[in-house]
């Protein structure tokens, strides 16, 4: 990809994670980005660096991995390859081992439930009195489970939409947006047969 094409993909993925109306998948990554706008950018050097570092098929996944990690990441941070490349490598490792990682996370959830003599539904419940985050969301926020595991569980038990209604909280709104936007990029995953 040329640096301008990398820039267009950056804009598309950034819009996907930060604009409620834009959907990268629906619009096939198309944006109204113009070359004249790109030429005026002070950060265009970063897109040149990224275009030299990654082959075409890695550009969008590189951006997705980094925007899932931080939806407000700046283009300059993406071109600092020690952190952004590490984020991408870890994300690729997760995607390549998705079944095993989700199984491990579920095993840890089950251990937590068994130690406390709880039911699975207990970790999904919102305390109606305080509207505190359910245990499953705290697991995500504390990085005890991967976001992909939460997406897998939501596919099976459908709780995120409920949380969107009951949890009036900026932290949840932010996290919910990341989850829902990221899920669009995981359309290729057969969630129903992933652990079989």
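With the condition kept exactly as written, say whether any residue in segment 138-145 is assigned to a loop (DSSP other than H, G, I, E, B), surrounded by 19 or more Cβ atoms within 10 Å (Cβ to Cβ) and modelled with pLDDT of 95 or more.
Yes, segment 138-145 has at least one match.
The condition (being closer than 22 Å to residue 9 by Cβ and either without any contact (Cβ under 8 Å) to a residue 60 or more places away in the chain or more than 16 Å from the chain's Cα centre (by Cα) (or both)) is satisfied by just one residue among 53, 116: 53.
Mind checking which residues of segment 146-161 are surrounded by fewer than 15 Cβ atoms within 10 Å (Cβ to Cβ) and either within 21 Å of residue 107 (Cβ to Cβ) or in contact (Cβ under 8 Å) with a residue 24 or more places away in the chain (or both)? Within segment 146-161, 156, 157 qualify.
In this structure, does residue 90 turn out to be touching a residue at least 60 places away in the same chain (Cβ under 8 Å) and either closer than 24 Å to residue 174 by Cβ or surrounded by 12 or more Cβ atoms within 10 Å (Cβ to Cβ) (or both)?
Considered against the rule, which asks whether it is touching a residue at least 60 places away in the same chain (Cβ under 8 Å) and either closer than 24 Å to residue 174 by Cβ or surrounded by 12 or more Cβ atoms within 10 Å (Cβ to Cβ) (or both), residue 90 comes out as no.
Is segment 147-157 home to any residue that is part of a loop (DSSP other than H, G, I, E, B) and either within 27 Å of residue 9 (Cα to Cα) or assigned by TED's automatic domain parsing to the domain that holds residue 126 (or both)? Looking through segment 147-157, none of the residues is part of a loop (DSSP other than H, G, I, E, B) and either within 27 Å of residue 9 (Cα to Cα) or assigned by TED's automatic domain parsing to the domain that holds residue 126 (or both).
The values are calculated or read from the model by the stated rules, or taken from the named source; none is laboratory data. Bear in mind the structure is a predicted one, so any value in this text is a computation, not a measurement. With ideal geometry, Cβ positions are generated from the backbone for all residues, glycine too; neighbour counts draw on all protein chains shown.
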